[in-house]
Amino acid sequence: MTPKSFGEGHEGSAPGLVDPFGRHVTYLRVSVTDRCDFRCVYCMSEHMSFLPKKDLLTLEELDRLCSAFVAKGVRKLRITGGEPLVRKNILSLFRALSRHLETGHLEELTLTTNGSQLEKYAGELKAAGVRRINVSIDTLDAQKFKTITRWGDLAVVLKGVEAAKRAGIGIKINAVALKGVNEEEIDDLIRYAHGEGHDLTLIETMPLGDIEGDRTDQYLPLSIVRARLLDRWTLEDIPFRTGGPARYVRVKETGGKLGFITPMTHNFCESCNRVRVTCTGTLYMCLGQEDAADLRAPLRASADNGHLFEAIDAAIARKPKGHDFVIDRRRKKPAVARHMSVTGG
Ligand code: SAM
Ligand code: SF4
């Protein structure tokens, strides 16, 4: 794919995307594949059926779609999945999208990854303008890592993180807090991440998609984790915000940043600036709601972006106020049927 393939210009660029609650949508997360080389227990079941490849948007279509959002005022793009780096030729999408960084229309092009392919791609990602990435590591115990991810290898992931650091990419480690699994290891994760100069963000499990097992067994409220951390660490509130759900503190003893993403114990929707698009071109205006808009049909209907812009505007005009996540024993079904790997984390 050549960097100029689609989505040139800022035709139709309007005042930006503003939802009915006055929130500016400036952040798009794009799942480029629903496939993954891991099977994390809270994310997927071991035997997943994936979308037929023909249903996926091509890389050119993804470029055009992302570029349409940039034309509409999106300033930050996060490529995710599934595991984005397992999609064939994915670096060509990064290289193509980097033209928007050069023009200044896009402020940040970033990635969330499980790190398995990072050793191979770190240098190329940096060359395509990726300055920061999120890498998911829930434990530093190799055996436990295998149990959580089912198919992952911690040593490979840590090598990937080192390669990204060497390439000069800023790193945030994401760890999902899991009851009885990694709850005793949060101190180690803080020491590791901050010792390496990375940020660390803790995430509560969210009820997305059927998995094998009971989510109430995994759910660990971060309010409990935070209270426990106060026995050993000094947590200083800092004003740092990304416009997203994470709330950050500085750990005085390490000097590093620690984030908490607490969809279950705190509602973070009032400042929501983001929407998500799947690898089939379905736009979800809220991670925690079913309502969605198909962008693939307008994308394919014509080479002109008019229909696409109309569909995006109509979707943003019905972005819901917030999510309705609930994890409790009375609800046997997940709050939202699709998996995180479909909408992108
Ligand atoms: N494969 C990449 C990775 O693992 O970083 C990107 C996609 S993954 C769906 C993005 C993030 O979502 C990961 O940090 C993962 O731990 C998190 N995640 C997946 N399922 C989740 C769930 N049910 N609740 C909370 N976080 C979840
Ligand atoms: Fe794959 Fe990421 Fe889901 Fe784990 S959390 S199964 S690495 S998509």
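No value in this document is a laboratory result; all are computed from the given coordinates. Here the structure is a predicted model, which means the values were calculated and not measured. Quick reminder, even Gly has a Cβ in these numbers, built from the backbone with ideal geometry, and neighbours come from all protein chains shown.
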Potential lengthening between Asp188 and Glu290 on full extension [0.36 nm per residue; Cα-Cα distance subtracted] | 33.0 nm
In nm, what is the difference between 0.36 nm times the number of residues separating Glu108 and Lys54 and their Cα-Cα distance?
-> 16.5 nm
Between the DSSP loop rule and a limit of at most 11 other Cβ atoms within 10 Å, which GluC sites (Glu not before Pro) in the stretch 41-100 are left?
-> Glu46
Residues whose placed amide H lies under 5 Å from that of Thr280, excluding near-sequence neighbours = Leu57
Quote to one decimal, in nm, the extra length available between Ala227 and Lys165 on full extension: 0.36 nm per residue of separation minus the C-alpha distance between them.
-> 19.2 nm
Expected vector for the stretch 31-45, Karplus 3J(HN,Hα) from phi with 6.51, -1.76, 1.60 and θ = phi - 60°, integer Hz, x for Gly and Pro, equals 8, 8, 7, 9, 7, 7, 8, 10, 9, 4, 4, 8, 10, 9, 8
Square roots of five times the Cα gyration tensor eigenvalues for the stretch 120-226, Å | 26, 15, 13
Cα-Cα over 31 Å, subset of Lys88/Lys321; Lys179/Lys257; Lys126/Lys179; Lys88/Lys144 | Lys88/Lys321; Lys126/Lys179
Which of Lys76/Lys172; Lys53/Lys319; Lys72/Lys172 have a Cα-Cα distance over 19 Å?
-> Lys53/Lys319; Lys72/Lys172
Counting only residues 5 or more apart in sequence or on a different chain, those whose built amide H sits under 5 Å from that of Thr201 are Ile173, Asn174, Ala175, Gly259
The stretch 45-123: chymotrypsin sites (Phe, Trp or Tyr not before Pro) in DSSP loop, at most 16 other beta carbons within 10 Å | Phe50
Short version: ³J(HN,Hα) in whole Hz for each residue of the stretch 276-287, in order, from phi by Karplus 6.51 cos²θ - 1.76 cosθ + 1.60 (θ = phi - 60°), x for Gly and Pro, what are they?
-> 10, 10, 8, 5, 9, x, 8, 9, 9, 7, 8, 4
